[in-house]
Amino acid sequence: MSWPSACRSGAGRPEREYEKVAAPKKGRSASAQSKPGRSLVLILIAIAALTGGMFASGHPTPRLGIDLAGGTSITLTAINEPGQPNAINKTNMDTAVDIMNRRVNGLGVSEAEVQTQGDRNIIVNIPRGMNSKEAREQVGTTAKLYFRPVLQREESGAATPANPSAGGSAKPSASSSAKAGGTGKQTSGSTATPTASATTQGRPVTDALKAGSPTPSATGSATPSATGSASAKASASPSPSASGGSGDAGKIQAQYAALDCSKPEQRATAGKGAKPGETTVACGKDGNVWNKFILGPVAVDGTEVKKAQAVFDTQGAAGWQVQMTFDSSGSKKFADVTSRLSKNNSPQNEFAIVLDDEVVSHPYVRTAITGGNAEISGSFTQTEAQSLSNMLSYGALPLTFKESSVTTVTAALGGEQLQAGLIAGAIGLALVVIYLVAYYRGLSLVAVASLLVSATLTYVIMALLGPTIHFALNLPAVCGAIVAIGITADSFIVFFERIRDEIREGRSLRPAVERAWPRARRTILVSDFVSFLAAAVLFIVTVGKVQGFAFTLGLTTVLDVVVVFLFTKPLMTILARRTFFASGHSWSGLDPKRLGAKPPLRRTRRPSAPVDPKEA
């Protein structure tokens, strides 16, 4: 129904007066009023770009968590090591959980769960869709980290050198030296610094372990500890037994000669059970080539690495590097062993970084490294450098674990839960739409269109976050998306009610929209800020599935602000210019008569008082 006829006559002037009241002050941008189409075009372009990126990534659907899609559950049991009967305690278990969680989840929200069960078990749940094999390796390699001197090395399957010794000689001959990283170049007995090869994440990397200071000392004057000096000698043909090994040199040589690291079953048993003070054999991968090693007793324990990080050399041409800092005990041991290794030739000048009995890198030593700071440089990519620093930082657990069980979680129950959640969300959305249509009539079209835009953005962004930060949609996250329907609808209701209040005051629709927006905007921002703050706190202080709920709630809250500012307000400005809404049609939801609006004020001159003829 339109304005009453008594109010409609001469209504042009009042409308112009109110438009002047609603006009922006001088200096303010009027783009939101005069050009709302720009905002609509901007958000539509953003939706199109995100949708295109979603299909281009090859992941048109969000990743599902383990409770919805199934996955792998690994049970790890802590083992007491000889001589340490009280190593299994809450502090060490919590440390182990933190290390495993960092290595499995990495950056972002991958929804892999790592938690304790009882006093000695750790449960790792890996969602389906995540690389479960890689994750299992990450968990499996979270064992003891050691630095061992390399006594002998060659490509697995190559001819065993004639008359080899466990320790090798200080200057190996060409016939007894191994290939350097499979490059075809053989090291010689000359004094030229040889180049060894290391591997990180299965790619060949030529490393150089050098002093952290510009002018490192070559004297090796750091005071050696008993442990470091006992384990660092790689000269003059020491035998395994002389180096603290439990077997003789013949036994180690027999194991070394029979070892073929290209066979997985032999790699799995190579060096297993060797104690830190024993000489042992091990395998390591250089690119696509497996090398086998004879390694001396442990020189430095991985727990003595205080800090490790991947950095990019911006001053020189070294590229990506891994910088290490040792504690006081590790610094002394490292200085002693590098002083001895730097005097040898390849491969006796190499230092093997051994994680879970596998050589992950074997850089060579140029000179004695004192001061407790060192860096590994070479042809690293960013991924390789970060992976090696990750192993150095989090590879040394305070406990040893064995894989007790590996089970596959069925997705049947999760599928039923997902279906129930989607049905609940559909019912909730339908009830919201019915309410909007019944109460707001024509305005419900604006609300429904805004809800669709918000839902599209939420879905596309969730799908994109799967391959980028490993975000997985679990059941609590679905609940967060359902809660977001109410938050988004609440923003529209605040805006609509502000407009209707302005109409009740006797204003026409166009100025009512512009006057209502600043007031509604403040309320919407405050409400969304409180919701986002609650989601952020919940995300920080919780773990596992609850984080999925908090993440989804925070994401949808941010998108609510984007949709209201770039879609709802501009669309309402455009519709206010259409006759159906501007005339106050009974089905527009803005009928002045139904809202009990006051008639528009009109400026009229007060009539002059009649003149008394007697006074005249």
Checking Gly486 against (1) of a type outside the set (A, V, I, L, M); (2) within 17 Å of Asp528 (Cβ to Cβ); (3) within 27 Å of the chain's Cα centre (by Cα), which single condition isn't satisfied?
(3)
Being under 30 Å from Ala597 (Cα atoms) and crowded, with 18+ Cβ neighbours inside 10 Å is true for just one of Ala455, Ala447. Which residue is that?
Ala447
Residues of segment 232-277 being in contact with a helix residue (DSSP H, G or I) (Cβ under 9 Å, 6 or more places away or on another chain), modelled with pLDDT of 80 or more and charged (D, E, K, R), which ones?
Asp260
(1) crowded, with 23+ Cβ neighbours inside 10 Å; (2) without any contact (Cβ under 8 Å) to a residue 40 or more places away in the chain all hold for Thr523 apart from (1)
Sort through Ser361, Ser346 and tell me the only one that's within 27 Å of the chain's Cα centre (by Cα), polar (S, T, N, Q) and in the same structural domain as Gly284 (by TED's automatic domain parsing).
Ser361
For Ala282, only one of the following conditions fails: (1) modelled with pLDDT of 50 or more; (2) in a helix (DSSP H, G or I). What is its number?
(2)
Segment 506-553: number of residues that are of a type outside the set (A, V, I, L, M), within 14 Å of Phe471 (Cα to Cα) and assigned to a helix (DSSP H, G or I):
7
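Kindly evaluate Ala412 against the criterion of being of a type in the set (A, V, I, L, M, F, W, C), at pLDDT below 75, out of contact with any strand residue (DSSP E or B) (no Cβ under 6 Å at 6 or more places or on another chain) and farther than 18 Å from Tyr146 by Cβ. So that I can check it myself, show each step before the final result.
Working: of a type in the set (A, V, I, L, M, F, W, C): yes; at pLDDT below 75: yes; out of contact with any strand residue (DSSP E or B) (no Cβ under 6 Å at 6 or more places or on another chain): yes; farther than 18 Å from Tyr146 by Cβ: yes.
So Ala412 fits the description; yes.
Could you run through segment 362-405 and say how many residues are part of a loop (DSSP other than H, G, I, E, B), hydrophobic (A, V, I, L, M, F, W, C) and modelled with pLDDT under 80?
Going residue by residue through segment 362-405, those that are part of a loop (DSSP other than H, G, I, E, B) are 362-363, 366-372, 381, 395-399.
Now drop any that are not hydrophobic (A, V, I, L, M, F, W, C), which leaves 368-369, 396-397, 399.
Restricting the remaining residues to those that are modelled with pLDDT under 80 gives 396-397, 399.
Qualifying residue count, segment 362-405: 3.
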In segment 333-385, which residues are surrounded by fewer than 23 Cβ atoms within 10 Å (Cβ to Cβ) and among the basic types (Lys, Arg)?
Lys343, Arg366
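Is one or more of the residues making up segment 291-301 in contact (Cβ under 8 Å) with a residue 24 or more places away in the chain, crowded, with 23+ Cβ neighbours inside 10 Å, closer than 27 Å to Lys251 by Cβ and small (Gly, Ala, Ser)?
Here is the first cut: in segment 291-301, the ones in contact (Cβ under 8 Å) with a residue 24 or more places away in the chain are 291-301.
Filter again for crowded, with 23+ Cβ neighbours inside 10 Å, leaving 291-300.
Filter once more, keeping what is closer than 27 Å to Lys251 by Cβ: 291-300.
If we keep only those that are small (Gly, Ala, Ser) as well, we get 296, 299.
Yes, segment 291-301 has at least one match.
For segment 85-100, which residues satisfy the criterion of being under 23 Å from the mean Cα position of the chain (by Cα) and either closer than 19 Å to Ile126 by Cα or of a type outside the set (Val, Ile, Thr) (or both)? Outline the logic, then answer.
Restricting attention to segment 85-100, the residues satisfying the condition of being under 23 Å from the mean Cα position of the chain (by Cα) are 94-100.
Those that are under 23 Å from the mean Cα position of the chain (by Cα) and either closer than 19 Å to Ile126 by Cα or of a type outside the set (Val, Ile, Thr) (or both): Asp94, Ala96, Val97, Asp98, Ile99, Met100.
Which one is nearest to Glu497 (Cα to Cα), of the residues in segment 574-590 that are of a type in the set (Gly, Ala, Ser) and outside any helix (DSSP H, G or I)? If you could, list the steps in order and put the result at the bottom.
Of the residues in segment 574-590, the ones of a type in the set (Gly, Ala, Ser) are 576, 582-584, 586, 588-589.
After this cut, where a residue has to be outside any helix (DSSP H, G or I) as well, the list is 576, 583-584, 586, 588-589.
Numbers: Ala576: 15, Ser583: 18, Gly584: 15, Ser586: 17, Ser588: 14, Gly589: 11 Å.
The selected residue is Gly589.
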The lone exception for Asp490 - which of (1) touching a Ser or Thr at 6+ places or on another chain (Cβ under 8 Å); (2) of a type in the set (Asp, Glu); (3) crowded, with 21+ Cβ neighbours inside 10 Å it fails
(3)
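The values are calculated or read from the model by the stated rules, or taken from the named source; none is laboratory data. Computed from a predicted model, the values in this text were never measured in an experiment. Here the Cβ is made from the backbone with ideal geometry for all residues, glycine too, and neighbour counts use every protein chain on show.
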